[in-house]
1. Once each part is reduced to its C-alpha centroid, what is the distance from region 289-306 to region 329-346 in angstrom?
2. Relative contact order of region 389-469, please, whole-number percent, based on alpha carbon pairs below 8 angstrom and at least 6 residues apart.
3. Within 10 Å, count the other beta carbons around each residue, average over each peptide in 327-333, 462-468, and list them highest first.
4. In whole Å, what is the distance between the alpha-carbon centres of region 96-152 and region 190-215?
5. Going highest first, how would you order 366-372, 314-320 by mean Cβ packing within 10 Å?
6. Which order, highest average first, do 158-164, 173-179 follow once you tally other Cβ atoms within 10 Å for each residue and take the mean per peptide?
7. Quote the relative contact order of region 230-301 in percent (integer), defining contacts as alpha-carbon pairs under 8 Å separated by 6+ residues.
8. I need the shape label for region 122-279. Rule: rounded when a/c is under 1.5, else prolate if a/b > b/c, else oblate, with a, b, c from the alpha carbon gyration tensor.
Ligand SMILES: [Zn+2]
């Protein structure tokens with residue numbers, strides 16, 4: 001790709017197995033304004049705030065900031081608040097947030113409103129999937145990319161029709177309408193890749209369930225599933241042709257671990273790829289056993305891919321499009337573990353997410369480059385109010401926010417949960433790729449602790465501008 005970027009990102013990645021390497025550096029080079037970026041990858045750790053990432057890094061490396069994305073060259077914060085049904089927003093106050101302990105517990109977004117903000121660039125009400133306050137559909141970034149001839153896809157560790165992937169593909173006033181949303185995603189979108197859980201035939205432990213216990217809601221109902229299995233599921237009228245070649249594109253269903261591996265290795269189907277691993281609600285987090293156990297103490301589900309493999313499969317398909325692609329990848333169960341105050345499983349999920357980020361970085365370095373591809377890593381909101389031991393404060397006094405307690409590599413750090421729900425805390429926003437230089441222009445404030453932050457709606461504006469042309 002051309003050298004006409006005003007700055008050029010020189011990446012010194014040697015191997016992501018080494019935790020200490022210097023990832024990249026910004027080097028100024030003369031030139032013109034950035035052209036359209038070719039590939040966009042946005043990766044969302046659902047519920048993954050600063051301390052979720054730190055907990056995972058402490059466990060894996062014995063250091064709080066050694067995950068691949070924590071070392072990306074551009075590191076900002078992001079506000080996540082949503083609107084209420086009247087359209088009012090409480091906003092984020094970078095001073096009150098640290099002056100009053102209860103502040104971050106109020107006015108939290110859900111994943112639907114947050115996903116819609118990032119995908120469509122609007123503040124909307126909790127539960128809204130790609131619709132505004134008047135419940136009207138708003139174009140999302142993947143639809144914009146489709147219009148430009150790009151390939152698009154979503155990948156998640158939770159059901160494919162869950163809030164975050166739905167917000168990037170579908171439009172519905174209520175996130176809970178899974179059957180309807182899944183049908184929209186599969187039959188009324190032009191997405192080329194949809195990968196996520198929700199397999200009706202399998203349990204949370206990845207074992208076959210008897211017929212009477214099958215639940216088809218996450219995949220759009222029994223009829224949709226049967227057509228998917230038969231290879232006869234295409235788009236509804238007007239959505240038959242996902243890639244614009246004039247013929248109907250049917251979904252190819254991939255569900256076994258081996259088939260995910262072979263797609264990732266390059267034997268991608270000629271048509272659209274729908275990946276639904278053989279497990280119900282999430283790859284690993286919802287499995288049985290002691291949910292409070294330390295990471296990996298309870299044997300993990302076998303026969304299912306991890307997020308990295310599913311992401312590699314998506315990249316193998318999307319990477320073939322000459323016009324580039326836009327891909328959203330979600331680590332969806334970080335949030336679920338955090339709701340349940342399951343520190344061990346939260347760490348497992350955040351590390352699974354980090355490995356998927358590593359897989360994207362490797363793909364870019366092998367098959368693309370950081371001038372034509374931009375990678376954003378963020379969260380839709382923080383879940384659990386996760387802090388170090390001794391955090392808190394009386395309402396009338398200066399609160400204390402303690403860091404997680406490092407207990408060394410392979411050990412769960414000392415931590416405390418302060419809510420069973422979401423918080424209005426800022427979340428991290430990390431970026432790599434030349435195009436990321438445009439991100440600081442979207443900064444809307446400066447936080448006392450986290451530094452400059454953009455708003456989640458700014459992410460959509462930034463991406464839209466990157467797609468410009
Ligand atoms: Zn949640």
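1. 13 Å
2. The normalised contact order for region 389-469 reaches 16 percent.
3. Going by the mean number of other Cβ atoms within 10 Å, highest first, we get 327-333, 462-468.
4. Computed from Cα coordinates, the inter-centre distance equals 27 Å.
5. Going from most to least packed, we get 314-320, 366-372.
6. Most protected by this proxy first, the peptides run 158-164, 173-179.
7. Once divided by the residue count of region 230-301, the mean separation gives 23 percent.
8. oblate
Every number here is computed from the coordinates shown, using simple stated rules; none is lab data. Keep in mind that this is a model prediction, so the values were computed, not measured. Here the Cβ is made from the backbone with ideal geometry for all residues, glycine too, and neighbour counts use every protein chain on show.
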